[in-house]
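**Q** This is the structure, below, for whatever I ask next.
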Amino acid sequence: MATPLTLYYAAGTCAQAVLIALYEADAQFTLNTLNFADHEQRSPEYLALNPKARVPALVTERGVLTEVPALLLYVAQTYPQAALAPLDDAFALAQMQDFNAYLASTVHVAHAHRMRASRWADDEAAQAAMRAKVQQNMYECFSVIEKHYLGDKPWVMGEQFTVADGYLYILASWLKGDGVDIADFPRVAAHSERMRARASVKKLP
């Protein structure tokens with residue numbers, strides 16, 4: 001049996017994808033919620049665990065892990081009985097990681113320009129220009145997901161539910177705030193409906 005874990009989490013963030021995975025795996029873990037409004041992610045105690053001052057962070061018996069794609073794969077490999085990844089198929093596993101990397105490196109970054117343009121520029125006009133592109137960029141990202149990644153499949157990897165599905169669900173939940181109508185992507189919308197029916201999603205704080 002795996003050693004209990006501790007997940008550092010904040011509501012509304014990508015850390016929810018890891019929480020879904022832990023629930024799906026029926027893992028034993030402690031959930032520590034950080035309040036970003038109070039800047040708890042920048043407290044000395046949290047920075048000692050994760051100097052990036054972001055969530056998620058997962059404390060394991062061997063140390064702290066960060067970054068959603070890494071944590072999702074760790075959960076899938078630690079709890080293989082949950083069948084949350086195609087662990088016995090190197091190509092399919094790489095396909096899943098291809099998708100997770102796209103969400104992390106492209107989709108999440110496109111979204112982040114709306115609230116956190118100051119990460120990339122100090123000039124207010126430049127920040128405004130970045131924010132103005134968010135709707136277009138998110139629309140283009142989800143067009144790729146709709147046509148290239150999802151296709152006519154119930155889940156990202158086909159018939160098998162994987163950790164990639166929770167990740168997609170969380171990022172799709174940001175579309176409305178970014179000015180994008182999820183109804184423009186019927187496959188993504190149907191995927192989100194299937195996700196909302198899962199016990200793991202219903203348990204989210």
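**Q** Just give me the residues in region 132-155 being touching a Phe, Trp or Tyr at 6+ places or on another chain (Cβ under 7 Å), under 16 Å from Met96 (Cα atoms) and in contact (Cβ under 8 Å) with a residue 40 or more places away in the chain, in sequence order.
**A** Those that are touching a Phe, Trp or Tyr at 6+ places or on another chain (Cβ under 7 Å), under 16 Å from Met96 (Cα atoms) and in contact (Cβ under 8 Å) with a residue 40 or more places away in the chain: Glu146, Tyr149.
**Q** Checking Asp122 against (1) in a helix (DSSP H, G or I); (2) more than 21 Å from Leu84 (Cα to Cα); (3) free of Cβ contacts under 8 Å to residues at least 40 places away in the same chain, which test does it fail?
**A** For Asp122, the failing item is (1).
**Q** May I pose another question? Are any residues in region 148-177 open to solvent by less than 10 Å² (accessible area, probe 1.4 Å), part of a helix (DSSP H, G or I) and not hydrophobic (A, V, I, L, M, F, W, C), and if so, which ones?
**A** Asp165, Gly166, Tyr167
**Q** Starting from residues that are open to solvent by 30 Å² or more (accessible area, probe 1.4 Å), in contact (Cβ under 8 Å) with a residue 40 or more places away in the chain and part of a helix (DSSP H, G or I), keep the ones in region 187-203 and report whichever is farthest from Arg131 (Cα to Cα).
**A** Looking at residues that are open to solvent by 30 Å² or more (accessible area, probe 1.4 Å), in contact (Cβ under 8 Å) with a residue 40 or more places away in the chain and part of a helix (DSSP H, G or I), I get Ala199.
**Q** Wholly within region 18-119, which helices (runs of 4 or more DSSP H) include no fewer than the required count, namely at least 2 residues that are closer than 25 Å to Ser200 by Cα, open to solvent by less than 30 Å² (accessible area, probe 1.4 Å) and in contact (Cβ under 8 Å) with a residue 40 or more places away in the chain? Spell out how you get there, then give the answer.
**A** Numbers: elements: 44-49, 68-78, 90-102, 108-115.
Filter on region 18-119 gives 68-78, 90-102.
The values are calculated or read from the model by the stated rules, or taken from the named source; none is laboratory data. None of the values given here were measured: they were computed from a predicted structure. Cβ coordinates were reconstructed from backbone atoms using ideal geometry, including for glycine residues, and neighbour counts include every protein chain displayed. Accessible surface areas use protein heavy atoms only, side chains included; no ligands, DNA or RNA. Shrake-Rupley method; radii C 1.70, N 1.55, O 1.52, S 1.80 Å.
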